[in-house]
1. Using helices alone, I'd like the mean residue ellipticity at 222 nm for the chain: each DSSP H run of four-plus residues gives -39500 (n - 2.57), total over residue count, nearest 500.
2. How far apart, in nanometres, would the label points at Val29 and Thr44 be if each is projected 7 angstrom from Cα along the Cα-to-Cβ direction?
3. Given a Förster distance of 35 angstrom, what is the FRET efficiency for Gln53 paired with Thr19, based on the Cβ-Cβ distance and rounded to 0.05?
4. Could you list log10 I(q)/I(0) for the chain at q = 0.15, 0.21, 0.25 Å⁻¹, which the Debye formula gives when each Cα is one point scatterer?
Amino acid sequence: MKLFRVIRNFQGDEDGAVTVDWVVLTAAVVGLGVAALAAIRSGTGSLTSKISQHLNAATISTTF
């Protein structure tokens, strides 16, 4: 009968379920972040190139 008590306690214990929920939610947030970065990566690379070209073409006047 001790085995049935152990099984009943195991079924009623929910401590690990919360941990699993948080792991799944955290993985989903990280996955969405990676997907967002992948989606905007090409656009930011192009923009960075344009900014670099503009700054390299700029001249600074040192006289008034």
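1. Numbers: 2 runs with 54 residues, N = 64.
Per the formula, -30000 deg cm²/dmol.
2. 1.9 nm
3. 0.10
4. Cα-only, vacuum Debye calculation for the chain: -0.75, -0.91, -1.01.
Just so you know, all these numbers are worked out from the coordinates, no wet-lab data involved. Predicted model, so just to flag it, every value in this text is computed and none were measured. Counting neighbours? That spans all protein chains shown, and the Cβs are built from the backbone with ideal geometry, glycine included.
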